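Working notes, structure below.
The values are calculated or read from the model by the stated rules, or taken from the named source; none is laboratory data. If you're wondering where the values come from, they're calculated on a predicted model, not measured in any experiment. Cβ placement follows ideal geometry from the backbone for every residue including glycine, while neighbour counts extend to all protein chains displayed.
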Amino acid sequence: MDDLLNALADKGLRGETATRDEALAVLRSPDEALLDVVAAAGKVRRRWFGRRVKLNYLVNLKSGLCPEDCSYCSQRLGSEAGILKYSWLKAEEAADAAEAGVKGGAKRVCVVASGRGPSDRDVERVSRTIEAIKERTGGVEVCACLGLLSPGQAERLRAAGADAYNHNLNTSEATYGDICTTHTYEDRVSTVQQARDAGMSPCSGLIAGMGETDEDLVDVALALRELDADSVPVNFLIPFEGTPLAGEWNLTPRRALRILAMVRFVCPDVEVRLAGGRELHLRSLQPLALHLVNSLFLGDYLTSEGQAGRADLDMIADAGFEVEGPGTSTLPAHRLSGEPHERVAVRRRGTGTELPPNA
């Protein structure tokens, strides 16, 4: 195992991608080697991102009532999860929420809306929201996540000031049809490509814990590398009651760390983001994950409550990391050129999150 980890660290320091067999070996490494795995991947993380942690803040523009049947999602067609449902926020309401996130330390605001994809009227609405957020916050990075894009929509979002677009692949191409039937894996790939072609930074990630195999996890990580996503959010399934995957409790904190390490070895110089489900599945090992990722969401997610903002900031400081400032480029220069568990806490706090009182 030592030889493998040394080789993976050396490759990562050079910006080279782990092979499929190497990535599988990381996922299958024994518990006694876990800290060695974290240490090796940590070297790669520090090579490209130092001890910086980028904070991202989510503003949910429209919640619930989605016509798609993604099995993992509390907003899916037929979902019985007890989540907040509301139509579009006004631009000023979204800007208020975004401003709170920026005051809490967020460098990027992610504006998200449920649904298959935006209509042209929706794009116009979101464009006004992006402009309002930029004006209110002094130009914070804005990432839009609106579902599948139609031709021309990416260009309009970019013109309105969107810096990035998120659309996750979620799982491997081979098993995508098992979790969703209303659109295809290729639809998702196409949307990420459209965003890139329009000049937005592509953001695309995965969800672990849906019953997938090691091979599925590695294949989606390799696909994200091939797609050349600038940022890769790693989500851990939140098994909402009322969804088809409510009974899937497949993750342990140790497994979650191995997944993060694998993604780092596959995507050494990419922004790897600790995303939904981290509190539920990593639990007390969250600080160790900071040695693998260089980005996380501050506070709440779409329909579930996250760790309190102050606890996130304390965790980062206590682990010896620092919040990345607005004047620092996240990505390296070469990329810039181009048993049942506890119930899930359903989000009740509306569009933003509770942040430190003095934020």
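Tabulated results
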| quantity | calculated |
| --- | --- |
| The stretch 260-279, residues that are farther than 22 Å from G104 by Cα and crowded, with 23+ Cβ neighbours inside 10 Å | L260, A261, M262, V263, R264, F265, V266, C267, P268, V270 |
| Any hit, the stretch 137-145, residues being at pLDDT 95 or above, farther than 26 Å from R225 by Cβ, hydrophobic (A, V, I, L, M, F, W, C) and touching a Pro at 6+ places or on another chain (Cβ under 9 Å) | yes |
| Every residue from the stretch 198-243 that is assigned to a strand (DSSP E or B) and within 19 Å of A164 (Cα to Cα) | S201, P202, C203, L206, S231, V232, P233, V234, N235 |
| Verdict on K54 being in a strand (DSSP E or B) and farther than 30 Å from T328 by Cβ | no |
| Pairs with Cβ under 6 Å, 6+ apart, first in the stretch 145-171 and more than 20 Å from E68 (Cβ to Cβ), second assigned to a loop (DSSP other than H, G, I, E, B) | E155/A198; R158/A198; R158/G199; R158/M200; A162/M200; A164/M200 |
| The stretch 151-204, subset of a type in the set (F, W, Y) and surrounded by fewer than 22 Cβ atoms within 10 Å (Cβ to Cβ), residue nearest to R225 (Cα to Cα) | Y185 |
| Tally of residues being in contact with a Gly (Cβ under 8 Å, 6 or more places away or on another chain) and in a helix (DSSP H, G or I) across the stretch 103-121 | 0 |
| Selection from the stretch 156-197 of residues that are of a type in the set (A, V, I, L, M, F, W, C), in a helix (DSSP H, G or I) and touching a Phe, Trp or Tyr at 6+ places or on another chain (Cβ under 8 Å) | L157, I179, V192, A195 |
| Among residues of the stretch 23-47, those that are of a type in the set (A, V, I, L, M) and within 15 Å of D3 (Cβ to Cβ), counted | 6 |
| Test: V112 is closer than 30 Å to Y176 by Cα, within 20 Å of the chain's Cα centre (by Cα), surrounded by fewer than 23 Cβ atoms within 10 Å (Cβ to Cβ) and modelled with pLDDT of 90 or more | yes |
| Check on G247, out of contact with any Gly (no Cβ under 8 Å at 6 or more places or on another chain) and in a loop (DSSP other than H, G, I, E, B) | yes |
